[in-house]
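Trainee: Quick one: structure below, then a few questions.
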Amino acid sequence: MLKSDLVRELAEEIEVSEREARQLVKHFFKSIGKILEEEGRLELRGFGVFELRQRKGRTSQNPLTGEEMEVPPRQAPVFKPGKDLKEAVRQSND
C-alpha cells in the first residue's frame, strides 16, 4: 500500500475529500517525526511504539570504489508493534 492508497482509504472512511485526508496524513507523519525529535519516544497504545535508538559507528565499504569509509554513530527511528496490531496481523494471515 502506498501513502496515496492510505489517503484514499481514509477519505472514504471518514467521508472527507482526498485533499483533506492528504493533509491529515501529512500532518500525522510530520507530528511523529517532531515528537521523536523532541522526546525520543511515541507510544500509541495497542498500535505500537516509535522510538529513537543509537546506532554504533562502523567501518563500511563504498560499493562503487571499494574504498573503506567510516560511518559515524547516529540515531535511527524504530517501530515496535503493539499487542493489538500483532493480533490483527496474525488473524489476517490465518
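Bear in mind these aren't lab numbers, they're just calculated from the coordinates by the rules spelled out. Source: prediction; values computed, not measured. Cβ atoms come from the backbone with ideal geometry, glycine included; neighbour counts cover every protein chain shown.
Trainee: Could you name every one of the strands (runs of 3 or more DSSP E) located completely within region 44-91 that has at least 1 residues being out of contact with any helix residue (DSSP H, G or I) (no Cβ under 9 Å at 6 or more places or on another chain) and free of Cβ contacts under 8 Å to residues at least 12 places away in the same chain? Write out each step before concluding.
Mentor: Working: elements: 48-55, 58-61, 68-71, 74-81.
Fully inside region 44-91 and qualifying: 58-61, 68-71.
Trainee: Would you check which residues across region 1-43 are small (Gly, Ala, Ser) and either in a helix (DSSP H, G or I) or within 19 Å of Val89 (Cα to Cα) (or both) and list them?
Mentor: Filtering region 1-43 down to residues small (Gly, Ala, Ser) leaves 4, 11, 17, 21, 31, 33, 40.
The answer is Ser4, Ala11, Ala21, Ser31, Gly33.
Trainee: Same structure, new question: Out of all the residues in region 33-53, which are in contact with a strand residue (DSSP E or B) (Cβ under 6 Å, 6 or more places away or on another chain) and of a type outside the set (Asp, Glu)?
Mentor: Restricting attention to region 33-53, the residues satisfying the condition of being in contact with a strand residue (DSSP E or B) (Cβ under 6 Å, 6 or more places away or on another chain) are 35-36, 40-43, 48-53.
The answer is Ile35, Leu36, Gly40, Arg41, Leu42, Gly48, Val49, Phe50, Leu52, Arg53.
Trainee: If you don't mind, there's one more thing I want to ask. Condition (residue is in contact with a strand residue (DSSP E or B) (Cβ under 8 Å, 6 or more places away or on another chain) and either surrounded by 10 or more Cβ atoms within 10 Å (Cβ to Cβ) or touching a residue at least 24 places away in the same chain (Cβ under 8 Å) (or both)) applied to region 6-26: is it met by at least one residue? Walk me through it before giving the result.
Mentor: Here is the first cut: in region 6-26, the residues in contact with a strand residue (DSSP E or B) (Cβ under 8 Å, 6 or more places away or on another chain) are none.
No; the residues of region 6-26 include none that is in contact with a strand residue (DSSP E or B) (Cβ under 8 Å, 6 or more places away or on another chain) and either surrounded by 10 or more Cβ atoms within 10 Å (Cβ to Cβ) or touching a residue at least 24 places away in the same chain (Cβ under 8 Å) (or both).
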